[in-house]
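Data block below; observations after.
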Amino acid sequence: MIYIDQLDREITLLKFPKRIVSLVPSQTELLVSLGLSDKIVGVTKFCVHPETIRNQKAIVGGTKKINYEKIKKLNPDIILCNKEENTKEIVKHLQEEYPVHVSDVFSISGALEMIKQYGNIFDKKAEATLLISRIQSEKESFEDYVSMIPQKRVAYFIWKTPWMVIGKNTFVDHLLKVNGFINVFGGKDRYPEVSKEELSAIQDLDLVMLSSEPYPFSEKHINEMKNITNAKIILVNGEYFSWYGSRLADAFSYFKTLHEL
C-alpha cells in the first residue's frame, strides 16, 4: 500500500502498522483518540496527553533530539513526524530505515486532512470520520457565535527573554483568525521577537494573551506585562491554540470562554 503524507512524500507499507513511534505530542494524543493506544511503542518526553502515556510507552527523546538506538530497539512499523516540530535531519535519518509520515499543519483543514490520512494508514477510517465530523460541527457553531462579537486586536506571546509573539504562517495565527481576533503582529513572519517599546507603542491593542506553552507564563508575568501595556492581559491554554489533533474537538468550547471574560 502506498500513502502520501502532507509533504507529498510517498510512504510504502506492506500492512497496517502495529508498532508506532510518535515524535509529535499532539499526534500522540490523536492516536489514542483513534483507539490506537495499544499500537504505540514510543513517544517523546513532551507527549503529556493522556497523562499516563509516558509511563506506559518508551520515551525516545524530545522533538528536536532523539535516541536512534532506542527507536531501533522498538522496531517500529512507522514513525510519525511533523515538519515544524521535528528537524529535517531527524526525518532524513529515520526514513533511511523506516516508513516516516510527516505532517505539515497550518490550518484546521490541514489538521483534518492529517486525521483522514491517519484513518487510512492505521485502518481507523470510521473513527477518523467521526472525529472530523465533530470538529467541523464545533467549528461551524463557533463561527456563528464569533460572527456576532466585535473584533479585538490581540498580541499572542509564546516566549520571554526575549519576548516573542505569534506572527503569520502559523497554526496559532490561523486559530486567532478563526476566533475573529486581529493579530497586531500578523504582518511579521512566524515567531518574531518584539521589544517592550514596540508593544507599548501600540495604542489600540485590546488584549494580550500569554500562552502556557512553550514558555510557562503565569500570574507574575501578567503584573510584569502591565508595566508595558494598558491592554487587558490574560493567561491562555496554549494547547488549544497549537495542538492540531483531536484536541481541536474541545478547543472551540474553550475559545468561547475567552470571549466571555
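Some points to look at:
- Selection count where residues are assigned to a helix (DSSP H, G or I) and farther than 22 Å from Ser242 by Cα, scope the range 84-96: 4
- All positions within the range 190-213 that are without any contact (Cβ under 8 Å) to a residue 24 or more places away in the chain and surrounded by fewer than 11 Cβ atoms within 10 Å (Cβ to Cβ): Glu197, Ala201, Gln203
Conditions tested, residue by residue: (1) more than 21 Å from the chain's Cα centre (by Cα); (2) more than 21 Å from Gln151 (Cβ to Cβ); (3) not hydrophobic (A, V, I, L, M, F, W, C).
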{"position": "Gln203", "(1), (2), (3)": "yes, no, yes"}
{"position": "Leu207", "(1), (2), (3)": "yes, no, no"}
{"position": "Ser211", "(1), (2), (3)": "no, no, yes"}
{"position": "Met225", "(1), (2), (3)": "yes, yes, no"}
{"position": "Phe241", "(1), (2), (3)": "no, no, no"}
{"position": "Gly245", "(1), (2), (3)": "no, yes, yes"}
{"position": "Asp250", "(1), (2), (3)": "no, yes, yes"}
{"position": "Leu261", "(1), (2), (3)": "yes, no, no"}
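- Residues located in the range 243-254, provided they are closer than 30 Å to Ile202 by Cα and crowded, with 22+ Cβ neighbours inside 10 Å: Trp243, Ala251, Phe252
- Cross-chain or 6+ apart pairs with Cβ under 6 Å, the range 214-232 first and in the same structural domain as Ile202 (by TED's automatic domain parsing), then among the basic types (Lys, Arg): Tyr215/Lys160; Ile228/Lys196
- Residue in the range 24-37 that is under 18 Å from the mean Cα position of the chain (by Cα), among the charged types (D, E, K, R) and within 30 Å of Leu176 (Cα to Cα) present: yes
- Considering the range 69-83, the residues that are buried (at least 16 other Cβ atoms within 10 Å of the Cβ) and assigned to a loop (DSSP other than H, G, I, E, B) include one that is nearest to the chain's Cα centre (by Cα), namely Lys83.
- A count restricted to the range 142-155 and to residues that are of a type in the set (Gly, Ala, Ser) and surrounded by fewer than 13 Cβ atoms within 10 Å (Cβ to Cβ) stands at 1.
For every residue, the table says whether it meets (1) assigned by TED's automatic domain parsing to the domain that holds Leu34; (2) modelled with pLDDT of 95 or more; (3) assigned to a helix (DSSP H, G or I).
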site: Tyr98; (1), (2), (3): yes, yes, no
site: Ala128; (1), (2), (3): yes, yes, yes
site: Leu131; (1), (2), (3): yes, yes, yes
site: Arg134; (1), (2), (3): yes, yes, yes
site: Ile158; (1), (2), (3): no, yes, no
site: Asp173; (1), (2), (3): no, yes, yes
site: Ile182; (1), (2), (3): no, yes, no
site: Glu197; (1), (2), (3): no, no, yes
site: Gln203; (1), (2), (3): no, no, no
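- The residues listed here are Glu51, Glu85; of these, the one that is acidic (Asp, Glu) and touching a residue at least 12 places away in the same chain (Cβ under 8 Å) is Glu85.
- Test set (1) more than 25 Å from Pro214 (Cα to Cα); (2) out of contact with any Ser or Thr (no Cβ under 6 Å at 6 or more places or on another chain) - His49 fails condition number: (1)
- Candidates Val21, Val32, Val41, filtered to the one that is touching a strand residue (DSSP E or B) at 6+ places or on another chain (Cβ under 8 Å), crowded, with 16+ Cβ neighbours inside 10 Å and assigned to a helix (DSSP H, G or I): Val32
- Scanning the range 100-126 for residues that are in a helix (DSSP H, G or I), of a type outside the set (Val, Ile, Thr) and crowded, with 18+ Cβ neighbours inside 10 Å turns up Ala111, Leu112, Met114, Gln117, Tyr118, Gly119.
- Among the residues here, Asn86 qualifies as modelled with pLDDT of 95 or more, in contact with a strand residue (DSSP E or B) (Cβ under 9 Å, 6 or more places away or on another chain) and surrounded by 16 or more Cβ atoms within 10 Å (Cβ to Cβ).
- Every pair of residues 6+ apart whose Cβ atoms lie under 9 Å, when the first sits in the range 123-141 and is free of Cβ contacts under 8 Å to residues at least 40 places away in the same chain and among the charged types (D, E, K, R) while the second is surrounded by 14 or more Cβ atoms within 10 Å (Cβ to Cβ) and assigned to a helix (DSSP H, G or I): Lys125/Lys116; Lys125/Gly119
The values are calculated or read from the model by the stated rules, or taken from the named source; none is laboratory data. Note that the coordinates shown come from a computational prediction; the quantities given were computed from them, not determined experimentally. FYI the Cβ positions are ideal-geometry reconstructions off the backbone, even for glycines, and counts take in every protein chain you see.
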